[in-house]
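One structure below.
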C-alpha cells in the first residue's frame with residue numbers, strides 16, 4: 001500500500017479484507033447458533049409415547065391419559081368448593097380404588113398468603129414401604145380455575161400420579177413409603193398444600209421428599225426412585241408415624 005492509502009498493484013483493497021472477515025464471523029456465529037439449537041432440540045425432545053399395551057410395570061402415557069379421563073368431566077371446570085369438584089373428587093377416589101389404593105380425605109380451613117381462605121379437601125393415598133421412613137411425597141393438585149377444565153393444569157399431573165400409583169401397586173413394597181397427595185385449593189394460593197403441611201397426614205414433620213408432576217411425567221417411575229435416593233441423601237431422620245391426625249377420614 002502506498003503512502004496515500006491506495007492498494008499497491010496485486011494487493012487486495014482494505015475494504016474487501018474487512019468485509020471478508022465480517023462475513024466469516026457472521027457465518028461462524030450462525031453455525032454456532034444452529035448447533036446450539038440442534039443440541040437443545042435433541043436434549044429436550046420428548047421420548048416416544050409408551051402405549052397402553054406396554055408392560056403393566058412400565059409408565060405409559062396412554063394409560064395415564066385414560067386415567068385422567070376417568071377423573072375429569074371433560075370441559076367442565078371444577079374449582080374449589082364447586083359441585084363439580086365434589087364429583088371429580090369422588091371419581092378420583094374410585095380410580096384409586098380400582099388400581100389398588102384405599103384413599104383418605106383431609107378437610108381443613110386454610111388461608112393463603114394472599115388473603116384467600118377456603119375449606120379444602122385433599123385426597124391422599126399411601127403405598128406402604130418396608131422401612132418406617134422417610135416417605136416420598138408425589139404431589140399434584142386436583143382443583144381447576146373457575147373458567148377452565150384443568151385438563152393440563154393439573155390434569156396432566158393427576159394423570160401421571162395415578163399411573164405411577166397403578167404401576168407401583170402390584171410390585172413388592174418399596175424401601176420407603178410413597179404418599180400420593182391430590183391437593184385442593186391450589187389455584188387459590190396453594191391452600192391444600194398448606195393444609196397438608198400443617199397436619200402432615202401419614203408422616204411426621206420433615207419426613208418427606210417431594211416429587212412434582214414435571215418429574216413424574218418426564219421419567220415415570222424413575223422419578224419416584226430418584227426422590228427416594230434424594231430423601232436419603234438429604235438425611236431425613238424422622239420416621240413414619242401411623243397416627244392419624246385430626247381431620248383425616250376414610251374415603252371408603
> Listed residues 71, 49, 88; which is touching a residue at least 60 places away in the same chain (Cβ under 8 Å) and either outside the structural domain of residue 200 (by TED's automatic domain parsing) or touching a helix residue (DSSP H, G or I) at 6+ places or on another chain (Cβ under 8 Å) (or both)?
Replying inline: 71
> So which residues in segment 147-195 are closer than 17 Å to residue 65 by Cα and in a loop (DSSP other than H, G, I, E, B)?
Replying inline: 149, 150, 151, 152, 153, 154
>> Against the definition (assigned to a loop (DSSP other than H, G, I, E, B) and over 22 Å from residue 154 (Cα atoms)), how does residue 38 come out, yes or no?
In response: no
> If you scan segment 41-60, which residues turn out to be exposed (fewer than 10 other Cβ atoms within 10 Å of the Cβ) and either under 19 Å from the mean Cα position of the chain (by Cα) or over 22 Å from residue 164 (Cβ atoms) (or both)?
Replying inline: 41, 42, 43, 44, 45, 46, 47, 48
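The values are calculated or read from the model by the stated rules, or taken from the named source; none is laboratory data. Everything numeric here is computed off the predicted structure, so don't read it as measured data. Neighbour counts are summed over all protein chains in view; Cβ atoms, including those assigned to glycine, are modelled from backbone coordinates with ideal geometry.
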